[in-house]
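Notes for the one structure printed next.
The values are calculated or read from the model by the stated rules, or taken from the named source; none is laboratory data. Just so we're clear, the structure is a prediction, and the values are computed from it rather than from any experiment. Methodologically, a virtual Cβ is constructed for each residue, glycine included, from the backbone with ideal geometry; neighbour enumeration extends over all protein chains shown. Ligands, DNA and RNA are stripped out before the accessible areas are found, and what is left, the full protein with its side chains, is counted by its heavy atoms. Shrake-Rupley method; radii C 1.70, N 1.55, O 1.52, S 1.80 Å.
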Amino acid sequence: MEIFWVFKIFLTFTFFFLMGDPFFSHSSSLPEGIAKSAAVHRNYTAISEFRVLNRKPLKDCPDLNPYLQINTSSIAKLSDDGYITVNVTGVLLPSATDWVAMISPSHAVVTACLENSILYKETGDFSSLPLLCHYPVKAQYLRSDPDYLSCKKKECKKKVNGKCVLRTCSASLSFHVINIRTDIEFVLFAGGFVAPCILRRSQPLRFANPNKPLYGHISSTDSTAKSMRVTWVSGNQQPQHVQFGNGKSVTSLVSTFSQSDMCNTSYLLSPAKDFGWHDPGYIHSAVMTGLNPSTKYPYRYGSDSSGWSNWTTFKTPPAGGSDELKFLAFGDMGKAPRDASTEHYIQPGSLSVIEAMADELSSGGVDAIYHIGDISYATGFLVEWDFFLHQINPVASKVSYMTAIGNHERDFGDSGSVYFTPDSGGECGVPYETYFPMPAVAKDKPWYSIEQGSVHFTVISTEHNWTQNSEQYEWMKKDMASVDRSRTPWLIFTGHRPMYSSNDGNIILPSVDDKFVQAVEPLLLANKVDIVLVGHVHNYERTCAVYKQQCKAMPKKETNGIDTYDNTKYNAPVHAVIGMAGFSLDKFSNKGKPWSLVRISEFGYTRVHATKKELKVEYVNSNTRKVEDSFRIIKS
């Protein structure tokens, strides 16, 4: 859920005009007041100067300084994961607006883009040419070096009679760089993000092995836990292999996507199709079969020609119908830089959550992970998928990492999504479904169900049609009705958007869509769903057993302080918003809703332990590692 709600109201009205009036059928027809509005044309996913950098004019940058240089720490070839020191020397007058961008590929045009002028008008680009064409991967101001503006690092460039008469200043910046396959370059700009002009460019840096298989993650294919999927990225389109267990091997299927697969509309160009594009390489996927549930296996992926990943150990989940399951769940994670850089969209809590979960996995007490929508927040800036996959690798490579689609993966006008806001930046679910192949119904039908241990998970897409008699509605109705509660006594319903939240949002874009609630909530009660896990709102909130805004049952407070819901005699589902895994947190108002029992605005995740008779849920603060809420649901 976007926090910039005033902007979104304006955006929504603008969309109504755009879609409903032929006057707006082409970018050149946009009214000047709308076309030149900075608010409307920030591409709707984050608001900052850096976010709209590529929509700024590049002024002439007069440079009479013969001493100015930019270079990097001596590296012949870039490793898959490391830090690069960028040195800027020979500066005559340090300025707070001097900055360095990391560009990839290095041949990207960051000077002028005259031929794209008319295409940019849809994104508010009515500034005078030339224009910055390619979006930087990341950037840092030189003032990040505390010695820069005060010129503490001096170098004498000219002496007269043995006395220095000309000194220059320098700065050093550290950039975290991972293998994104395409070579990179560092570019020195003056003028800040508002009025950038180029001063110097470094030499291109290339990765030692751009074909290296990387960022592998595990997912379940069915409820038997006898097969598991490995998905990874490589620069090589030739099939590769997964070696696992005791000498077994399976060959990968290879897929990718192109700029032409990204979404556009007649009234809105997208970052994914334009300046945010980055070649994704090739996505490999292979299914390991002949496995046993709740068992550890070593594996690696790659090939002799492209290289191999390190050996890693994964654990299969318990089979559906078995006695016990331990899993972690959260939504709205995204990623954050591991250096001082600015990126277009940063989710500040994501690193602490990943680190806390990685520590928990090391104890061996986790069978699976469920990420409930808003996955990477790449939103049309495709290189950020690589950074997200790198970030989750310590956990996603070791246990089943299951996902649900969110608005920032799917939504875009005229693309078939329920909501017309362009929150995916033009991705329209294509990268998500390629990187995270779930056991879904079909392409662009990303709903599925799976059983692990004593739990049946019904995973829906809140971004696809859920109205009565729609394909997804009929599927979820049939799926939940078919659950054998003697085999899997717990039914968990999950999808990205909530049915209950104390954060109201606004009139145009509320946190809760009443039409969604009216259509789907009766199915939850009819099929005796035990708990609903959702995200979208960026905090933690737990309800009573609630239906149609009314508490049908309250938990009993045990002597140990834990709330216990008794579902022996079923009343209604408990709803838990768990969208606190990374995105900037939504604060609660002082007044909670009558059905809201616990409200916490801190980064973290939920830990769930299900047996045949008890479902225990704990909310873990990722910074303190303390349990801040704990409840259980029991059945006799």
Selection status of Trp277, in contact (Cβ under 8 Å) with a residue 40 or more places away in the chain, of a type in the set (A, V, I, L, M, F, W, C) and either closer than 30 Å to Pro317 by Cβ or part of a strand (DSSP E or B) (or both): no
Top-ranked residue of region 471-523 - restricted to ones that are in contact with a helix residue (DSSP H, G or I) (Cβ under 7 Å, 6 or more places away or on another chain) and closer than 15 Å to His575 by Cα, ranked as surrounded by the fewest Cβ atoms within 10 Å (Cβ to Cβ): Leu523
Scan of region 255-285 for residues that are among the aliphatic types (A, V, I, L, M) and more than 20 Å from the chain's Cα centre (by Cα), ordered by number: Leu268, Leu269
Those residues of region 188-222 which are open to solvent by less than 10 Å² (accessible area, probe 1.4 Å), assigned to a loop (DSSP other than H, G, I, E, B) and modelled with pLDDT of 95 or more, in sequence order: Pro213
When residues of region 132-164 are limited to those that are open to solvent by less than 30 Å² (accessible area, probe 1.4 Å) and assigned to a strand (DSSP E or B), the one nearest to Pro105 (Cα to Cα): Lys138
Inter-residue pairs, beta-carbon under 9 Å, first in contact (Cβ under 8 Å) with a residue 40 or more places away in the chain and in region 611-636, second hydroxyl-bearing (Ser, Thr, Tyr) and open to solvent by 40 Å² or more (accessible area, probe 1.4 Å), 6+ apart: Lys613/Ser636; Ile634/Thr568; Lys635/Thr568; Lys635/Tyr570; Ser636/Thr568
Residues located in region 165-187, provided they are outside any strand (DSSP E or B) and open to solvent by less than 10 Å² (accessible area, probe 1.4 Å): Asn179, Ile180
Wholly within region 281-394, strands (runs of 3 or more DSSP E) carrying at least 3 residues that are in contact with a Cys (Cβ under 9 Å, 6 or more places away or on another chain) and surrounded by 22 or more Cβ atoms within 10 Å (Cβ to Cβ): none
Qualifying residue in region 249-268 (condition: within 30 Å of Ser322 (Cβ to Cβ), open to solvent by 50 Å² or more (accessible area, probe 1.4 Å) and at pLDDT 95 or above): yes
Selection from region 461-498 of residues that are in contact (Cβ under 8 Å) with a residue 60 or more places away in the chain, under 22 Å from the mean Cα position of the chain (by Cα) and in a loop (DSSP other than H, G, I, E, B): Thr462, Gly495, His496, Arg497, Pro498
Residue among Ser400, Ser449, Ser417 that is open to solvent by 10 Å² or more (accessible area, probe 1.4 Å), closer than 20 Å to Thr221 by Cβ, of a type in the set (S, T, N, Q) and touching a residue at least 24 places away in the same chain (Cβ under 8 Å): Ser449
Strands (runs of 3 or more DSSP E) contained entirely in region 526-596, each with at least 2 residues that are open to solvent by 40 Å² or more (accessible area, probe 1.4 Å), within 21 Å of Pro489 (Cβ to Cβ) and not β-branched (Val, Ile, Thr): none
